[in-house]
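These notes are about the structure you will find just below.
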Amino acid sequence: MAEALAGFGVAANAVAFVDFGTKVFAAGYSLRKSAHGTVDADETHEQLTTDLAKVIDDLNKSIESSATHRQLTPNETGLLELAKQCNAAATKLLTALERLKSRANMANGTLQFRDSEDRHNRISKAHEATFLWLYQNPEESVTAWSCFSKWLISDTKLYWITGKAGSGKSTLMKYIYSQQRTFDHLEECCGGATLLTAAFFFWNSGSEIQMSQPGLLRSVLHQILSKRPSLIPVVFPARLESCILFGDDPQAWSLTELRQGFQLLAAQNLADTKFCFFIDGLDEFAGDPVTLINLLKDVSSYPNIKLCVASRPWVEFEDAFKDRSSLRVQDLTYRDIQAYVSSHFLGHVGFAELERREPEYASQLIEDIARKASGVFLWVNLVVHSLLAGFGNADRVSDLQRRLEFLPPDL
């Protein structure tokens with residue numbers, strides 16, 4: 001009875017071995033036949049090969065167990081030899097796949113540049129009590145704006161965030177990209193497809209690449225390909241081939257190559273993947289704004305891509321995005337400024353003393369700052385620091401008012 005059960009185990013594992021061997025052979029043939037492969041093909045090949053190795057191990061154990069008290073039959077010996085050869089072939093295939101992944105990561109790594117995240121890291125984090133309105137429905141009492149949450153879950157392609165200098169556009173963009181609610185809403189729009197996102201913040205006070213089109217393309221492509229390495233052979237086949245053949249590709253990225261790669265990425269008709277790109281500081285691009293606008297319009301024309309962009313209200317951007325979903329930051333941050341000023345003043349001993357001495361003036365001061373700011377957070381920040389210094393010096397009301405008037409709102 002034991003021998004019969006052992007024989008059954010050998011037969012079952014032999015069937016599994018033949019089945020997996022056939023699958024791996026077919027996968028290896030398709031990999032050899034296509035230099036570029038298909039999306040996620042390398043993961044499929046690797047999983048099949050790993051599973052085959054396990055089946056081979058189970059087969060070896062079954063045969064050895066059944067032959068404990070007897071000599072192996074010629075068929076069993078042949079099967080063991082075949083399993084050994086298949087195991088060697090599977091090991092070679094795994095090694096080749098690892099090498100391919102390594103070269104693909106090498107090619108993708110050359111897209112990254114040293115200060116690619118410098119601007120993002122320097123942007124102030126949003127105050128905890130600000131921007132809470134963003135994911136709510138617009139109120140009828142304020143200036144009309146397009147509901148951001150509805151845009152995230154809709155098929156509408158582009159959302160434009162605009163505002164005057166210092167109004168907090170970049171802080172808002174950083175806030176948006178850090179909020180899980182943003183991605184939860186986008187997932188609703190994806191309908192079960194995988195969501196891939198990337199962000200770029202132009203910066204005209206940084207290095208040349210931080211304010212350039214190559215910088216934008218390299219950063220976005222690197223982020224997406226890092227999340228989906230199987231797209232590297234599709235987007236940059238020549239670059240990957242060079243890395244495979246020579247182990248490296250020191251050639252600098254050209255704008256033409258980057259544009260072609262970006263177009264190949266955008267043109268991928270992937271039913272299981274959606275993209276959303278967040279691009280801040282369009283007005284800090286060191287080139288013709290129309291060139292950038294045309295690129296963004298082209299990208300947003302693809303069915304599986306959404307764009308959220310931010311800029312000052314330059315004429316070029318107004319003309320290009322006036323009919324798109326949008327909001328104007330300075331129209332929506334009055335309460336945010338009140339919350340920001342209050343949080344800095346109410347815990348200060350000097351302000352508490354001012355409230356005791358001049359309760360009416362202290363109460364009105366926060367409102368005056370919010371009103372005079374006209375939505376410019378940069379001005380608010382400077383005024384708050386100046387007034388805090390005044391509180392510390394026990395300034396009189398006239399001195400505090402002088403500090404408030406000293407910095408013009410249009411600074």
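Bear in mind that the values in this text are calculations on the coordinates, not laboratory data. Since the structure is predicted, the reported quantities are computational estimates derived from the model, not experimental observations. Counting neighbours? That spans all protein chains shown, and the Cβs are built from the backbone with ideal geometry, glycine included.
Peptide packing: for 281-287, 328-334, 361-367, the average count of neighbouring Cβ atoms within 10 Å per residue gives the ranking 328-334, 281-287, 361-367, highest mean first.
Output the peptides 144-156, 206-218 sorted from most to least packed, where packing is the average of other Cβ atoms within 10 Å over each peptide's residues.
Highest-to-lowest ranking by the protection proxy: 206-218, 144-156.
Cα centroid distance between region 294-309 and region 356-374, in Å? Their Cα centres are 44 Å away from one another.
Taking 21 Å as the limit for the C-alpha separation, the pairs LYS169/LYS274; LYS164/LYS297; LYS125/LYS274; LYS157/LYS297; LYS125/LYS297 exceed it in the case of LYS169/LYS274; LYS164/LYS297; LYS125/LYS274; LYS125/LYS297. As a length-normalised measure over Cα pairs under 8 Å and 6 or more apart, the relative contact order of region 328-390 settles at 47 percent.
Please list, by residue number, everything in region 173-187 whose backbone N is under 19 Å from a paramagnetic label point 7 Å out along Cα→Cβ of THR156. Within reach of a label on THR156, which here means backbone N under 19 Å from a point 7 Å along Cα→Cβ, region 173-187 contributes 173, 176-177, 181-187.
Rounded, prolate or oblate for region 249-331? Axes are the square roots of the Cα gyration tensor eigenvalues, ordered a ≥ b ≥ c, and the cut-off for rounded is a/c under 1.5. Note, shape of region 249-331 comes out oblate. Size of region 103-200 from its Cα atoms: along the principal axes, largest to smallest, the extents are 56, 36, 22 Å.
Each principal axis of the Cα cloud of region 195-308 was taken in turn, and the coordinate range along them, longest first, works out to 41, 34, 20 Å.
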